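All remarks here apply to the structure that follows.
The values are calculated or read from the model by the stated rules, or taken from the named source; none is laboratory data. Quick caveat: nothing in here was measured; it's all calculated off a predicted structure. Backbone-built Cβ (ideal geometry, glycine too); neighbour counts: all protein chains shown.
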Amino acid sequence: MRTESIKLDEIKRDWFIVDAEGKNLGRLASKIAQVIRGKHKPNFTPHMPMGDFVVVINAEKVELTGNKESKKTYWRHSGYPGHHTEIDFALMKRTYPERIITNAVKGMLPHNRLGSQLNKALKVYAGPDHPHTAQQPQTLEL
């Protein structure tokens, strides 16, 4: 038997919309990463960007379980010695709620050029409004 490999012009990418209100961050990010990667499709090819686009709304209403709300921190480094910054979850949720979901999904995608391409398929918005109504996204139930 020959193994058939899908070609770039044969890939059909759909648009999905996810409401993050009241959802658990880790489980939500895991499902979104699978859809963006294309693992839900029967002709999944690991080395090609064949996943779908995902629009996440109400990112400011995502939840964490247990006491992670008070203990979770986000860390970044400027590149200079001693210049790192830690931001706790509550401050990140108030100031940059989109980055919470973006960082969680980014960590679940490949850390190479393919992952960079797949990151562009994720659109996250803090509120219920988004500019992607022309793409007619389907509701993705998680």
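Details
- The number of residues in segment 56-102 being farther than 21 Å from F16 by Cβ, among the small types (G, A, S) and either in contact with a Ser or Thr (Cβ under 7 Å, 6 or more places away or on another chain) or assigned to a helix (DSSP H, G or I) (or both) comes to 2.
- Matching residues, segment 40-66, being more than 14 Å from the chain's Cα centre (by Cα), farther than 14 Å from P97 by Cβ and either of a type outside the set (A, V, I, L, M) or crowded, with 19+ Cβ neighbours inside 10 Å (or both): H40, K41, P42, N43, F44, T45, P46, H47, P49, M50, T65, G66
- Total residues in segment 39-51, condition in contact (Cβ under 8 Å) with a residue 40 or more places away in the chain and either out of contact with any Leu (no Cβ under 9 Å at 6 or more places or on another chain) or not in a loop (DSSP other than H, G, I, E, B) (or both): 1
- Lone unmet requirement of (1) modelled with pLDDT of 95 or more; (2) loosely packed, with under 10 Cβ neighbours inside 10 Å for R27: (2)
- Qualifying residue in segment 112-129 (condition: more than 11 Å from the chain's Cα centre (by Cα), surrounded by 15 or more Cβ atoms within 10 Å (Cβ to Cβ) and in a loop (DSSP other than H, G, I, E, B)): yes
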